[in-house]
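A short reminder: the numbers here are calculations on the coordinates, not readings from a lab. Given the structure is predicted, the values throughout are model-derived calculations rather than measurements. Here the Cβ is made from the backbone with ideal geometry for all residues, glycine too, and neighbour counts use every protein chain on show.
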Amino acid sequence: MGEQIGALNARIAEGKQIFEVMKIPKIITQEEKGVQLLSILLKLNDLEFGEIKNPIKLSIETSKYFRENPIDPKILETIQEFYKLIKKEKLDEETLYNLALTYQHVETEREKEVFKMIAKDKEHVENPTEIQEKLLGVLEKFNTIFSASPLAEKFAIHIETDIKERLEIAESTKKRIEKLIDFFKPDSATTKINKVFLIPTDPIYKKESGGAFVLGEELILHTNIENTDNLEHEFSHSIINPIVEKLSEQLNDEQKEKISRFASGRLKHEEEYGEGYFSLLCEEIIRTYNDVFKKGKKPRTHEDFVQIIFNLSEGQFKEKLLGSKSFKKRCESLDIKTKEDLINKSKEFFERFEESLLRELIFQIYEEYDKREDKESINFEMFLLENFKNKLNEK
């Protein structure tokens, strides 16, 4: 790898561009019925799934309708079986959504790509073919019930409206993606996406959350139309994840462990990314750009955190406690019940959950990358591969 970097530097010195920046992909909005059906089922299985703080009207109507018209318990039993596997770490929600994308797409190139992704990135998932068979069976059974309900027409209207609205803002969406490409200058040989499919806003799913499914040269984004930051976040996974795969080849076990140790406790435990360095690094590279650097901010310090707490009223603190399960869990772990408790334990809270040496390191890399003299011959991939390991070793 050192020889490769040396060769890259030599070509850069000669003024030769050694990569071709990916072209702006074609952007298409289309319904993914399997994804929508799965979200509804997950909500029926657990009323706290998805958006619970400010659910949109259609989500509330869905819960009400199925309370008054219960579905076959065997359908929910299958969903509960999936969650038992999730608790045993033999499955995860992301894989369920990936498999839901194969609904009405069996024996297609898409299905092949989904299973290729699971084999590559989801080694913990046992018997994915069997899980797919059960999932598609339950989705088909539920679709028969759902399509005959008055809800189906309301969902159809919602989807049609969302697609129309996305077409109206298509140019601004394209510009957001174009801006990311202009900043990172992804090598077309690394990021091979040529089509982006936007799933119409899922009324069940959390507005703050989303999903990115890379299937060959296609990227499927599961995001809320109003959350443009999340759209940029999810699109960035198609750029950053393959770069981190290359970076992984440079790292030894000690360095990988260090990445995990440097990530924030909140990211590792509260948001369930676990201790795996790869997911933590991908996520932090994206969040540091999306939530901090592009907005002209700097990583949050303990002093910043204390100021945020002081600016909260007691009522706002209690509202946050009720509206966020993860925040409530963090507070309970330190026996924090009031705003004053949080102020008194702010240092411990910050160090345990908020502080991220990994974010500080990545932010420094972004600052230096943005100030590089040769902005045409050096892209983010080259800069990260050349500088990350040394920065990590210095910490």
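Observations on the model:
- Binning the alpha carbon pair distances of the chain at 10 angstrom intervals from zero yields the distribution 4, 20, 29, 27, 16, 4, 0, 0, expressed in whole percent.
- Percentage relative contact order, the chain, counting C-alpha pairs under 8 Å, at least six apart: 20 percent
- Extending 7 Å from Cα along the Cβ direction at Q255 and again at K294 yields two label points whose distance is 2.7 nm.
- Value of relative contact order over the stretch 26-230, rounded to a whole percent, pairs C-alpha under 8 Å and six or more apart: 32 percent
- Qualifying GluC sites (Glu not before Pro) in the stretch 320-391, DSSP loop, other Cβ atoms within 10 Å at most 12: E373, E376
- Positive end of the dipole of the chain (Cβ unit charges, origin at the Cα centre): among Q307, F82, L139, the Cα lying farthest that way belongs to Q307.
- Residue of E51, E254, E32 that the Gaussian network model of the chain assigns the largest fluctuation, springs spanning Cα pairs under 10 Å: E254
- Using the Cβ-Cβ distance between R372 and E226 with R0 set to 41 Å, the FRET efficiency from 1/(1 + (r/R0)^6) comes to roughly 0.75.
- Full extension of the chain between E140 and E178 yields a length gain of 9.9 nm, computed as 0.36 nm times the residue separation minus the alpha carbon distance.
- Residue-span extension gain [L322 to K74] - 0.36 nm each, minus C-alpha spacing: 86.0 nm
- In this label model, K87 and D46 are separated by 1.0 nm, measuring between points 7 Å along each Cα→Cβ vector.
- Residues of the stretch 229-271 with amide N under 18 Å of a point placed 7 Å along Cα→Cβ from I169: 229-236
- Take every DSSP beta bridge whose two residues both sit in the chain; close to 45 percent of them are antiparallel.
- A crude spin-label estimate for the pair K246 and E360, with each label 7 Å from Cα along the Cβ direction, gives 2.9 nm.
- For the stretch 301-359, the alpha-carbon coordinates run over 31, 21, 18 Å along the three principal axes, in decreasing order.
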